[in-house]
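Reading through the structure tokens given below for one structure.
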Amino acid sequence: MRAPITPLPPRKSQYGIDPAMVKTRVCELPGMTSVLLKELFPDLPEVIFPGPGGVEAVRKAAEAALEKIDMSRIKPEHSVNILASHHGFTLLGGEPYAEMLKTIKDVIEKRTGCKNIRLRAGVGLRFRETEEYIKRYGLDEHFNGKAIGVAPVDQGIPIETEIGTLYGIKKVYDADWIVHAHNSDVREVHFHRQVDRAVKPFGMSYARIETRSTYHQNLGPRAANFTARAIFDSPFVQSKFAFASFLTVAPNGIIGVDADNDLYALNDRVTQTGCRYYGKMMTLFGEIDECIAALDFPCPVVYVFSAGVIYANFAGANTDLYDLDMPLPAYTWYTEAFYGKRGRPLLDDIPPLNPAIKMCVHNYAWTGYPSAFFSEHIPTVVVGREQAELFNRDPQNLTYMAHAVVAEDTRAAMDFAYKATGTGKVVIFDGAMGGINVSEPLAELLLQKAPAVSRRVDEELLPKWLRQRGVIQR
Amino acid sequence: MKVVNLLAMVDTEKCRGCKTCERICPVLAIKVENRVAVVDAERCRGCANCEQRCPDLAITMVKRDEPLVVKVDVGAVDYDRIMDICRRAKLNPEQLICYCTGTRAEEAAAAILQGAKSPEEVSFLTGARTGCKVECIQPILRLLEAAGIKPQPPKGGWQWYGRTVTVWEIPEAVKKKYASRGFYFDEDIKILDRVAAAPLQGRSDA
Ligand code: SF4
Ligand code: SF4
């Protein structure tokens with residue numbers, strides 16, 4: 001069995017505990033191993049990162065992709081906002097995304113002579129998260145002091161759309177041109193359902209609270225992402241949209257950079273890779289019969305990664321998140337909202353959280369996303385009192401610890417989980433690149449199940465998923 | 001219900017009186033007076049919005065010695081009237097409208113029936129919208145509207161701008177135009193209607 005892959009190190013952030021307090025990573029404990037994702041699914045694409053070229057390979061790919069972009073409407077006297085989102089900085093250490101952002105700026109400046117190029121970096125629910133990344137990756141310097149984080153509570157502007165007035169963040173749109181700099185990682189499939197994934201930030205990280213609340217409370221689980229399309233298609237946004245540049249991502253790493261003046265053309269390509277590659281990984285996760293899920297990554301509980309899949313999606317892996325005939329995933333905010341006062345779903349056909357997760361060991365994960373639903377419905381052990389206290393001080397997680405217990409250290413937490421659950425299968429959400437850190441029994445199960453999953457996705461599921469989204473299979 | 005265990009504290013040396021905090025506080029608990037922000041400790045719901053957006057990092061969140069329990073007693077209001085408001089807003093009285101504080105539609109409706117006339121007052125009384133501050137403005141506006149109240153956003157504030165579309169109001173032409181692109185409007189209406197009409201657990205199990 002292979003040695004575990006070194007996980008991403010903890011990060012200093014106001015949303016997590018001091019990295020010095022993360023004494024042990026779960027993958028360092030006895031019995032842990034790793035499986036390369038290419039071993040599971042040999043048809044996964046070749047990646048440029050991680051790789052021998054480092055982030056320079058990302059710069060080259062971005063330059064090549066931007067060559068075909070029409071930038072003729074951007075004049076030297078104009079202003080350009082490059083729009084970024086927090087999530088890109090959580091992918092494979094964050095450097096690839098930061099490098100793409102820097103490259104876009106450099107190329108626009110060189111091609112158009114425009115010097116007034118700013119970075120506007122949106123967030124989810126941690127309003128200073130991108131401020132931290134701007135400093136960490138030297139983006140403030142690279143953008144000559146014109147790099148800022150923006151949040152959904154900042155001053156807004158109305159945007160007239162075909163479904164009425166929605167609201168964007170004023171500073172996102174305060175330039176002549178906007179460039180949508182994003183990534184194709186699927187992340188929140190439970191929210192966007194891989195419908196218009198590439199458009200989503202227009203209804204999220206670039207949007208005001210009214211719009212985001214429309215998405216999560218007014219439209220329903222499968223119509224939600226229409227808020228993003230409505231805003232993007234508005235005459236106001238169309239009058240400013242220059243082009244999009246995406247870091248293209250598969251579960252095993254960065255595949256390249258894709259850029260287009262036509263966001264919907266890019267979106268169709270993103271739908272293909274999202275369904276094909278991530279769909280296989282998620283379907284394989286659905287085959288796990290029982291396990292302990294260990295969280296060990298610098299992100300909120302729901303966003304910790306394993307093999308490109310976030311914990312929120314593993315918690316829903318008992319359902320097919322890509323199947324649009326299924327209205328409510330086991331976890332999404334609509335589902336969470338539909339649990340009544342006795343802690344049960346209001347409708348009998350709402351699926352439970354993935355019953356294969358027998359226990360969650362929260363070794364290291366951040367605050368800043370409402371996560372009490374998880375500790376309420378999945379037995380959870382949090383490592384360290386400092387981490388427990390951090391959650392108790394988070395306005396979004398005041399009851400997270402009401403449902404969780406605290407263990408002194410990682411080893412004690414895992415020992416307890418092994419004894420209490422009786423399973424030896426462990427999946428670790430620690431962002432290991434190119435592979436997945438798991439316990440030996442789980443490695444065996446994944447290797448055994450992967451070929452049949454691969455066939456089923458290729459032959460049966462992928463054609464259905466693409467058909468449901470009106471995308472022609474390539 | 002929310003147990004408010006934090007309180008915003010202003011460092012008057014750092015504050016430059018820019019009013020960002022005043023414009024975003026969801027319960028109007030912080031105001032700039034004589035060019036310095038002042039927190040009303042009794043009103044503050046510990047949401048950290050001001051702390052997270054102050055451009056001068058002048059605000060810290062401190063633990064309260066005595067946490068405040070913020071709650072509207074649903075039992076003190078005629079439940080039929082709560083049901084009526086919730087149904088008009090197309091919400092099940094027991095569904096969550098605020099994920100962070102666990103506030104259910106019935107509690108916000110009860111707050112409205114007890115006199116809350118704006119999102120700020122609903123938040124002040126229930127704690128809703130004092131967690132992430134992002135996701136729950138629309139159901140609050142829908143409940144107020146269902147009770148016949150048309151609130152105005154706080155003057156000069158950025159707290160909120162307006163109620164937006166619900167899936168029931170999406171024009172047929174729009175639904176038709178995007179039917180083949182994976183947007184399941186009518187199917188989602190069915191599920192949301194079923195949820196709104198679902199039996200109440202709190203009552204049937206009581
Ligand atoms: S946001 Fe900060 S600097 Fe501005 S008024 Fe409030 S406390 Fe003062
Ligand atoms: S309620 Fe929130 S925004 Fe208002 S003063 Fe308190 S912490 Fe600041």
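The values are calculated or read from the model by the stated rules, or taken from the named source; none is laboratory data. It should be emphasised that the depicted structure is a prediction, and the values quoted were computed from it without experimental measurement. Here the Cβ is made from the backbone with ideal geometry for all residues, glycine too, and neighbour counts use every protein chain on show. Each accessible area value is taken on the protein alone, full model and side chains, heavy atoms only, with ligands, DNA and RNA left out. Shrake-Rupley method; radii C 1.70, N 1.55, O 1.52, S 1.80 Å.
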Given the protein chains as shown and a 1.4 Å probe, how many square angstrom of residue A:399 are accessible, to the nearest 10? 70
Measuring from a point 7 Å past the Cα of residue A:385 along Cα-to-C-beta, which residues in the range A:337-377 have an amide N at less than 19 Å? A:362-364
Modelled FRET efficiency - R0 22 Å, residue B:155 with residue A:135, Cβ distances, 0.05 increments: 0.05
If one takes the accessible area of chain A alone plus chain B alone and subtracts that of the pair, with a 1.4 Å probe, what total in Å², rounded to the nearest 100, results? 6100
At 222 nm, what helix-only mean residue ellipticity would chain A give, in deg cm²/dmol to the nearest 500, using -39500 (n - 2.57) for each DSSP H run of four or more? -8000 deg cm²/dmol
Taking each residue in A:122-131, count the Cβ atoms of any other chain within 10 Å of its Cβ, then average. What number comes out? 3
In peptide A:86-96, how many Cβ atoms from other protein chains are near each Cβ within 10 Å, on average? 0
Percent of alpha carbon pairs in the range B:71-164 separated by more than 18 Å? 35
Cross-link partners of residue B:155 among lysines (Cα-Cα below 16 Å; sequence separation of 8 or more within a chain): B:19, B:31, B:117
How big is D for the range A:362-472, in µm² s⁻¹ as a whole number, if Stokes-Einstein is applied with the Kirkwood radius of its Cα pairs at 4 °C and 1.567 mPa s? 77
What Cys residues in chain B are without a partner cysteine, judged by a Cβ distance under 4.7 Å? B:15, B:18, B:25, B:44, B:47, B:54, B:86, B:100, B:132
Compactness of the range A:77-183, expressed as Rg and Dmax over alpha-carbon positions, Å: 13.9, 40
According to the Kirkwood expression over distinct Cα-Cα pairs, how big is the hydrodynamic radius of the range A:198-269, in Å? 13.3
Quick check: residue separation of residue B:16 and residue B:172 times 0.36 nm, minus the Cα distance between them. What number comes out in nm? 51.1 nm
Can you compute the FRET efficiency between residue A:289 and residue A:2 using 1/(1 + (r/R0)^6), with r the Cβ-Cβ distance and R0 = 22 Å? Round to the nearest 0.05. 0.45
In the range A:1-124, what percent of the accessible surface is made up of carbon and sulfur (1.4 Å probe, ligands and nucleic acids excluded)? 55
What is the ratio of the Cα radius of gyration of chain B to 2.2 N^0.38 Å, with N the residue count, to two decimals? 1.14
Surpassing 23 Å at the alpha-carbon level, of the pairs A:60/A:170; B:133/B:190; A:105/A:146; A:75/A:105, are A:60/A:170; B:133/B:190
Based on the Cα gyration tensor of the range A:286-374, what are the three equivalent ellipsoid semi-axes, each the root of five times an eigenvalue, rounded to whole Å and given largest first? 21, 16, 12
Antiparallel %, DSSP beta bridges [both residues in chain A], to 5: 40
Let me know the mean shielding of B:174-182 by other chains, meaning the per-residue number of their Cβ atoms within 10 Å of its Cβ. 6
Can you pull the one-decimal nm distance between simple spin-label points at residue B:41 and residue A:326, each 7 Å off the Cα toward Cβ? 5.1
Probe 1.4 Å, all chains present, heavy atoms only: residue A:359 accessible area in Å², nearest 10, is 20
Using a Cα-Cα cut-off of under 19 Å, which lysines could be cross-linked to residue A:358, ignoring same-chain neighbours fewer than 8 residues away? A:419, A:425
For residue A:110, counting only aspartates and glutamates whose alpha-carbon sits under 15 Å away and dropping same-chain residues fewer than eight positions off, the answer is A:63, A:67, A:70, A:77
Taking every C-alpha to C-alpha distance in the protein assembly as shown and binning by 20 Å from 0, the per-bin percentages run 19, 55, 25, 1
